[in-house]
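Asker: Once you've had a glance at the structure underneath, I'll fire off some questions.
The values are calculated or read from the model by the stated rules, or taken from the named source; none is laboratory data. None of these values were measured; they are calculated from a predicted model. Cβ placement follows ideal geometry from the backbone for every residue including glycine, while neighbour counts extend to all protein chains displayed. Ligands, DNA and RNA are excluded from the accessible area calculation, which covers all protein heavy atoms including side chains. Shrake-Rupley method; radii C 1.70, N 1.55, O 1.52, S 1.80 Å.
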Amino acid sequence: MEGLISALFVFALASFAGFEIINKVPPTLHTPLMSGSNAISGISLIGALLVASSSQNPTLATVLGLIAVIAATVNVVGGFLVTDRMLEMFKKKEG
């Protein structure tokens, strides 16, 4: 129980710090920041694969790992699609 409270406290602090940092970034840097955060989201995909391959409780770990892999994949692919769309807005139009 103490570990859960510590984890929730760290999560709350990280959320607050992330919100404050994102608010200070100028709009011209949002696209590179999103691209970097998409790359970092790939780490969560690796973590999900590691959880899925855990052998302590194979059924539960496999189901939770599968859900995590799907969620992380949607996050990474969606992030790259949004970043690509934003980068298209900065290209010069021909003609």
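Asker: If you take the beta carbon distance between residue 85 and residue 59 as r and set R0 to 35 Å, what does 1/(1 + (r/R0)^6) give as a FRET efficiency, to the nearest 0.05?
Answerer: Efficiency, from the Cβ-Cβ distance: 0.35.
Asker: Moving on to the next point. For the chain, which whole-number percentage of the solvent-accessible area (1.4 Å probe, protein heavy atoms only) is attributable to carbon and sulfur atoms?
Answerer: 74 percent
Asker: Kindly report the accessible area of the range 3-95 per residue (heavy atoms of protein chains, probe 1.4 Å, no ligands, DNA or RNA), in Å².
Answerer: About 79 Å² of surface per residue is accessible.
Asker: Next question, about the same structure. Kindly point out which whole DSSP H helices in the chain project their C-alpha atoms 20 angstrom or further along the helix axis while averaging a Kyte-Doolittle hydropathy of 1.6 or above. Don't skip to the answer; put the middle values down first.
Answerer: Values: long enough: 2-24 (33 Å, 1.33); 30-52 (33 Å, 1.17); 58-90 (47 Å, 1.49).
Flagged H segments: there are none.
Asker: (1) 60, 33, 13; (2) 61, 29, 13; (3) 53, 25, 22: which one is Cα extents along the principal axes in Å as calculated from this entry?
Answerer: Given (1) 60, 33, 13; (2) 61, 29, 13; (3) 53, 25, 22, the structure-derived one carries the label (2).
Asker: Pick from 35, 15, 53 the residue whose mean-square fluctuation is largest in a GNM of the chain, springs joining Cα atoms under 10 Å.
Answerer: Per the Cα network of the chain with a 10 Å cutoff, 15 tops the list.
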